[in-house]
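Asker: Sharing a structure with you now.
A short reminder: the numbers here are calculations on the coordinates, not readings from a lab. Predicted model only: the values in this text are computed from it and were never measured. Note that we place each Cβ from the backbone using ideal geometry, even for glycine, and neighbour counts take in every protein chain shown.
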Amino acid sequence: MRVTAATPADLEALLAFRIEASAWISKLGSDQWSRPYPADRLLATIEGGTVFMLRDGGRTAGTITVTPEAEEGLWSEEELAEPSMFVNKLTISRDYAGQNLGGRLLDWAGDRAYRAGARWLRLDAWTTNERLQRYYLDQGFQYVTTIREGGAVNGGPRVSGWLAQRPTGLADHGFTDETPVPDPLSA
């Protein structure tokens, strides 16, 4: 399997992934991703070079977004002063479930972040999705804090404010990496 940068041609597949993941998560009892993701926002992240696709021949097995930009209001000034990269929208096709592809993509992201000069790979997870939180803890992330206010419209409760991080490092993720070399983080 290989990791490539997403292109605008991947937009429909990524939106379909989101719908598939939302349906699966809903069956598990979570309201995570219950609202459709705006296609224009997703296209902007694709064009920004932060969305990556896991490809198995001609099929898409998964996706992950890795960015040096933190979502506003989540991390403290001290944390933001540390060189970090942030993961979001990790999604694996249900056709590929149970193969640890998500864990390997997280390893790939940690490797990419390390090569960019980041100390930390950070993420935020759905505040009420304890199963997802346990998954990230099992992947070596350490819980940092939960931000509950200021994320929704009008400063209401934040739905994705469970924060975790793990150190970056070179990793044997087993994928062929066909992505551009990451830009070094600015000091």
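Asker: Check which residues have an amide H placed less than 5 Å from residue 162's amide H, if you skip close sequence neighbours.
Answerer: Hits under the 5 Å cutoff: 125, 127, 147.
Asker: Another question about this same structure. Which whole-Hz ³J(HN,Hα) couplings does the range 84-101 yield from phi under the Karplus relation 6.51 cos²θ - 1.76 cosθ + 1.60, θ = phi - 60°, glycine and proline marked x?
Answerer: Each residue of the range 84-101 in turn: 9, 10, 10, 9, 7, 6, 5, 9, 10, 4, 4, 5, 10, 4, x, 10, 6, 5 Hz.
Asker: Contour minus end-to-end for residue 77 and residue 95, with contour as 0.36 nm per residue of separation and end-to-end as the Cα-Cα distance? Before the final figure, lay out the partial values.
Answerer: Numbers: separation 18, 0.36 × 18 = 6.48 nm, distance 4.04 nm.
Length gained, residue 77 through residue 95: 2.4 nm.
Asker: Residue by residue, what Karplus-based ³J(HN,Hα) values in Hz, rounded to whole numbers, does the range 137-143 have, using 6.51, -1.76 and 1.60 with θ = phi - 60° and x for Gly and Pro?
Answerer: Going residue by residue, I get 4, 5, 8, x, 7, 10, 5 Hz, with x marking Gly and Pro.
Asker: Check which residues have an amide H placed less than 5 Å from residue 61's amide H, if you skip close sequence neighbours.
Answerer: Those lying under 5 Å, H to H, from residue 61 are 54, 55, 56.
Asker: Taking amide H positions as placed 1.01 Å from N in the peptide plane, with prolines and chain starts having none, which residues 5 or more places from residue 86, or on another chain, fall under 5 Å of its amide H?
Answerer: 67, 69, 122
Asker: Return the distance in nm (one decimal) between the two label points of a simple spin-label model at residue 115 and residue 40, each offset 7 Å from Cα along Cα→Cβ.
Answerer: Inter-label distance under the simple model: 3.4 nm.
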